[in-house]
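So the structure is just underneath, and the comments pick up after that.
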Amino acid sequence: MDDFKLWLTIVRDILAIVAIGLALWRIFLMRKTFFSDHDRSRRTKSVDLIQFWTSNLSQKSSLARKIVESFEDNQCQTLSKQESFNVDSNKEDLLNEYFNDAQNKIKKNNGIITLNEGHSSILRWDAISYLNQLEAVLSAWRNNVADKEIIEEEFDYLYDPEKGHSILEKFRTATGIDSYPAIKEFVDHIKAEKNKSTDKGKGKKKI
């Protein structure tokens, strides 16, 4: 009888261990499924954000970005205040393409183009709208809501100093250094990644 109780105890212990093992295995599978669903959700979110960006990006906003990125610090400061300021005549074609309606037609005097307060207000609005849309996308990147690799792959072209692309850095500074935290963090990250690539390239031995 004692032997039977002993074996019964052993069997119960074995069954308890098996039950614990099965429970842990179920937890593992549930955790794996959760992270798999989470990753899939982030990838889906990334695609939605890219679609949002491309559908809202207009020729006008792209021209505004190109124009404002060519401005100096003092011009960006004046633009942020929606005040009148002068622009070099070498931007005439670009400005004429942007201000292509008769009411806002630009005027040149002695080789200098003056943008009045109306011009400044319109250009500032489009630049701000461009940054706000991008900030919305990159906030998802910053908070890990979207897949970071997908967003970086699709948007890193926006920061390329060699081509004059800085995501309106001077204008962002003029509007307030903390105005677009996600954009700033994204730019810092892209800078760091490009510096890593450059350092790796320098470290390779030439044959």
**Selection status of GLY164, in contact (Cβ under 8 Å) with a residue 24 or more places away in the chain and loosely packed, with under 13 Cβ neighbours inside 10 Å** = yes
**Request:** Go through region 1-98 and tell me which helices (runs of 4 or more DSSP H), entirely inside it, have 1 or more residues that are among the hydrophobic types (A, V, I, L, M, F, W, C) and at pLDDT below 65.
**Result:** 2-56
**Fill in**
Per the filter on region 36-82, residues over 26 Å from ILE112 (Cβ atoms) and among the basic types (Lys, Arg) are ARG40, ARG42, ARG43, LYS45
**Asked** Within the set of pairs 6+ apart or on separate chains, which have a first residue in region 96-118 that is on the phi > 0 side of the Ramachandran plot, a second that is in a helix (DSSP H, G or I), and C-beta atoms under 7 Å apart?
**Response** GLY111/SER89
**Members of region 110-127 that are within 14 Å of LYS60 (Cβ to Cβ) and either of a type in the set (Gly, Ala, Ser) or open to solvent by less than 40 Å² (accessible area, probe 1.4 Å) (or both)** = HIS119, LEU123, ASP126, ALA127
**Request:** Only residues that are at pLDDT 90 or above and either closer than 30 Å to ARG43 by Cβ or touching a strand residue (DSSP E or B) at 6+ places or on another chain (Cβ under 7 Å) (or both): list them for region 161-178, please.
**Result:** SER166, ILE167, LEU168, GLU169, ARG172
**Prompt:** Out of all the residues in region 99-130, which are in a helix (DSSP H, G or I) and of a type in the set (D, E, K, R)?
**Reply:** GLU117, ARG124, ASP126
**Complete:** Those residues of region 118-152 that are in contact with a Ser or Thr (Cβ under 6 Å, 6 or more places away or on another chain), acidic (Asp, Glu) and more than 20 Å from SER70 (Cβ to Cβ) come to a total of 1
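The values are calculated or read from the model by the stated rules, or taken from the named source; none is laboratory data. It should be emphasised that the depicted structure is a prediction, and the values quoted were computed from it without experimental measurement. Note that each Cβ is placed from the backbone with ideal geometry, even for glycine, and that neighbours are counted across all protein chains shown. Note: areas computed on protein heavy atoms with side chains; ligands, DNA, RNA excluded. Shrake-Rupley method; radii C 1.70, N 1.55, O 1.52, S 1.80 Å.
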